[in-house]
1. Quick check on Arg252: is it more than 21 Å from the chain's Cα centre (by Cα) and at pLDDT 95 or above?
2. All but one of (1) in contact (Cβ under 8 Å) with a residue 40 or more places away in the chain; (2) within 26 Å of Ser341 (Cβ to Cβ) hold for Ile259, so report the exception by its number.
3. Could you tell me which numbered condition Ile73 fails, if it satisfies all but one of (1) buried (at least 19 other Cβ atoms within 10 Å of the Cβ); (2) at pLDDT 90 or above?
4. So which of Leu285, Leu342 ends up being over 22 Å from Glu72 (Cβ atoms), modelled with pLDDT under 90 and open to solvent by 10 Å² or more (accessible area, probe 1.4 Å)?
5. Within the bounds of segment 200-219, is there any residue that is among the aromatic types (Phe, Trp, Tyr) and farther than 18 Å from Met89 by Cα?
6. List pairs: first in segment 295-322 and at positive phi, second surrounded by 15 or more Cβ atoms within 10 Å (Cβ to Cβ) and at pLDDT 95 or above, Cβ under 8 Å, 6+ apart or cross-chain?
7. Can you tell me which residues in segment 331-354 are within 25 Å of Ile314 (Cβ to Cβ) and polar (S, T, N, Q)?
8. In segment 137-187, what count of residues is obtained for those that are in contact with a helix residue (DSSP H, G or I) (Cβ under 9 Å, 6 or more places away or on another chain) and part of a helix (DSSP H, G or I)?
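The values are calculated or read from the model by the stated rules, or taken from the named source; none is laboratory data. Predicted, not measured: the structure shown is a model, and the values here were computed from it. We place every Cβ from the backbone using ideal geometry, glycine too, and count neighbours over all the protein chains shown. SASA here: full protein model, heavy atoms, side chains in, ligands and nucleic acids out. Shrake-Rupley method; radii C 1.70, N 1.55, O 1.52, S 1.80 Å.
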Amino acid sequence: MDYECLKQRSDGMRLVPVSSVREGTELAKTIFDSQGRILLSKGVELKQGLIRRIRKNGIMSVYINDEYSDNEIEDVIKPELRIKAIKLMKDSYTRFSEMANEGITNKKLANKLKTKCLEDIGAIIESFINELFSQKEILVKMVDIKSMDNYTYQHCVNVAVLSIIVGIEMQYNKEKLTHLATGAILHDLGKTYVPKEVLLKPGKLTSEEFEVIKNHSEKGYEYLKDNMYVSSISRVIALQHHERVDGTGYPRGISGDEINECAKIVAVADVYDALVSDRPYRQALSPNEAIEYIMGASGTHFDYKVAQAFIKMIVPYPEGTLVRLSNGDIAVVTKTNPKFSLRPKVRVVMRNGKAVENSTIDLVDEKNITISGIQYDVES
């Protein structure tokens, strides 16, 4: 395999499964443990011992620097704000779980703790909205790296951020965005009532276990419904985020306009973030695969208008993604085409097992060539 001309290019960032990381590769994005502490810093050289350490911490994908890409991908919110939000959600859900399961029997103390948690969450939501509102153009190019232990809290934060971005695209004002984001970050609150052995089961759920899981929507709504710090819209999101526009969702099987629009937004954000996350029973889908799923379910599971707004904000092939083309070439995405997001500009790096230089293709113009999949390793 000829790598010499490839290695002369400047390093860039791309997301790969840990199983595809070659020893000696440079880590491109700092990763954190379940306590929010730095596990490995950006720039470290990944030896086998460190790769095993990453796996041991329940992290299945990482961003790396290598010879195939030239761009650094930036998150839509600052890393320190994301870390702060995840820690807050972990602490808050722990408190909510204690109260839900009668770990705190003093009602006055329980209400005080609940109020403090919700006030802190409100402050985080305000920070999210202010940061996202200040950006001239918002496009989601980065998939957040999750650890298995922190999945629930990271997922809640991501769903809130994605929902705000869609709300901005749909021209919501800050007040409505606050209701949307609060419901989004608390959408899975009812899962504090679900036994951990069911919630964290690595395999397929039985029909009885799935019924227990399905109860979380109503449980979350009941928990929030009498709290003055949570609006009626936010509470309805907790109740309705698993409803489908064709009436096949739960808990009440309502359809169409019976479902609150904010709940429809959270439904799409919830599914997207779950699909692009590594789980104990499956590897994460790539952004383009998740988008294709949402497009396919638009008008049945998801509201068509909401799904279209969501898809506009997600980059299916971020710059730096290594892809396999329909003609067999391996290429790296160099520029996205906002109006034709599934047909970016690419630079061919490998053809018939040999490195290629100075071969750029705009897939908008080359209509006979398509992207057939993500390529994580040129030797595979």
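1. For Arg252, the condition - more than 21 Å from the chain's Cα centre (by Cα) and at pLDDT 95 or above - is met.
2. Here Ile259 meets the rest and fails (2).
3. (2)
4. Exactly one of Leu285, Leu342 is over 22 Å from Glu72 (Cβ atoms), modelled with pLDDT under 90 and open to solvent by 10 Å² or more (accessible area, probe 1.4 Å), namely Leu342.
5. Yes, segment 200-219 contains at least one residue that is among the aromatic types (Phe, Trp, Tyr) and farther than 18 Å from Met89 by Cα.
6. Correct list of pairs: Gly299/Val245; Gly299/Ala307.
7. Listed by number, the residues that qualify are Thr334, Thr336, Asn337, Ser341.
8. So the answer is 29.
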